[in-house]
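The values are calculated or read from the model by the stated rules, or taken from the named source; none is laboratory data. This is a predicted model, so every value here is computed, not measured. Note: ideal-geometry Cβ built from the backbone for every residue, glycine included; neighbour counts use all protein chains shown. In case anyone asks, the SASA skips ligands and DNA or RNA and just uses the protein heavy atoms, side chains included. Shrake-Rupley method; radii C 1.70, N 1.55, O 1.52, S 1.80 Å.
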Amino acid sequence: NQLEQLRQWTVVVSDTGDIDSIRKFTPTDATTNPSLLLQAAQMSQYQHLVDDAIAYGKKHAKSDDKQAVLNLICDRMAVNFGLEILKIVPGRVSTEVDARLSFDTEATMNKARELIKMYDEAGIDRKRILIKIASTWEGIKAAEQLEKEGIHTNMTLLFNFYQAVACADAKVTLVSPFVGRILDWYKASLKRDSIPVEEDPGVKSVTQIYNYYRKFGYNTIVMGASFRSAEEVLALAGCDYLTISPKLLDELQKGTSPVVRALSPDNAASSSVQKVVVDERVFRWQMN
C-alpha cells in the first residue's frame, strides 16, 4: 500500500492524541497539540488521564489562582497523553508549550523545563521528547538555549522560509512547516476553491526548506505537517518526516497506486536554492 511505500524514504509520524489510532497505524513518532488533546480528552477511554491531571494540578499548583491551577492541569494532561503514547511508539512524542508564551523567550524556556521535568520524574529519557515551540524570533531564541541544555525542540507554527532558516541556524532538532495552512491562506487570498497539488504553495514551501537544509548540510529534521489531502503527503515523499492525521493515514493504507520519491538529498544538492543570512532584522521584515 501507499503508506508502506512512503515508509521506504520517510519516517511516518501520527498527528493525533487518540492513542487507539496510534496503536492502529504503528507510527515511529507521534505529535500532539492542544486541539487534538481536547478532542481525545472527551473520549471516555481517556477519562483517567484527565482525572489524574486535574488532581495533579490542584495538588501541585504554586498558587490558588484559578488560571495557574488550570495551566498546570493542561500541562499535566499533555504529559499524561505523551506518556501513554510513548508506551506504543518506538520513537518520540511532541508536547507543546502554551502558544500564549510565543513572544516571551524566558517564559517559553521555563515552561519547556517544567514539561521536561514531568517526563524526567516519570523516568522518560529526554531523547524521546520533543518540546513544541512556536517559530517566532523569541521562540527560536528559547529553543536555541534549550537545545544547549539537552532539551530537544520541534518548531511549530512555521509558514515562512526565513523562519526555517533561523531555526536551522539555531540548531533546533526538528521543524514542522505547515503545508495545509499555507494552502488555506493562498486559496482564500486568491479566491480559489482548489489549487492542484503540483502548484500547491505549501508543498513548494516544504520542498524549498528540505532542499536548503540538505544542500547546506544542516542537521535539523524537516517534518511536513498540517496536510489537507493524501495527495499533499505523497507530493512530499522522501521528506525526512511527515506527521499525518489518522484519516489520511487510513487513506494511504488503502491506496495502492505507485508512490514516486519527490524529495531526496541528490535533488537537493542540485537545486537552485541559495544560502541566505537571517538575523533578527531580516526575520522580522520577512514576517511582515
Notebook entry, point to check: Does segment 137-148 contain at least one residue that is modelled with pLDDT of 95 or more, assigned to a loop (DSSP other than H, G, I, E, B) and not β-branched (Val, Ile, Thr)?
Noted result: no
Check: What are the residues in segment 19-40 that are surrounded by fewer than 22 Cβ atoms within 10 Å (Cβ to Cβ) and in a loop (DSSP other than H, G, I, E, B), if any?
Finding: Thr26, Thr28, Asn33
Next item on the list: Give me the pairs, please: first residue somewhere in segment 246-258 and closer than 9 Å to Leu3 by Cα and open to solvent by 10 Å² or more (accessible area, probe 1.4 Å), second residue anywhere and assigned to a helix (DSSP H, G or I) and among the small types (Gly, Ala, Ser), beta-carbon distance under 6 Å, and either six or more positions apart or on two chains.
Entry: Glu251/Ala230
Check: Quick one: in segment 205-245, which of the residues that are in contact (Cβ under 8 Å) with a residue 40 or more places away in the chain and among the charged types (D, E, K, R) is farthest from Val165 (Cα to Cα)?
Finding: Arg228
Checklist line | Ala142 vs. criteria free of Cβ contacts under 8 Å to residues at least 60 places away in the same chain and touching a Leu at 6+ places or on another chain (Cβ under 8 Å) | finding: no
Next item on the list: Just name the residue that is most open to solvent (accessible area, probe 1.4 Å) out of those in segment 84-100 that are within 17 Å of the chain's Cα centre (by Cα) and aliphatic (A, V, I, L, M).
Entry: Ala99
Check: What is the residue count in segment 41-81 for residues that are of a type outside the set (S, T, N, Q), in a loop (DSSP other than H, G, I, E, B) and under 26 Å from the mean Cα position of the chain (by Cα)?
Finding: 1
Item checked: Residues located in segment 124-168, provided they are of a type in the set (Lys, Arg) and more than 23 Å from Ile85 (Cα to Cα) -> Lys141, Lys148
Next item on the list: Write out, first by first residue and then by second, each pair whose Cβ atoms fall under 6 Å of each other, whose residues are 6+ apart or on separate chains, and whose first residue, in segment 92-121, is at pLDDT 95 or above while the second is of a type in the set (Lys, Arg) and in a helix (DSSP H, G or I).
Entry: Arg92/Arg128; Val97/Lys111; Leu101/Lys111; Thr105/Lys141
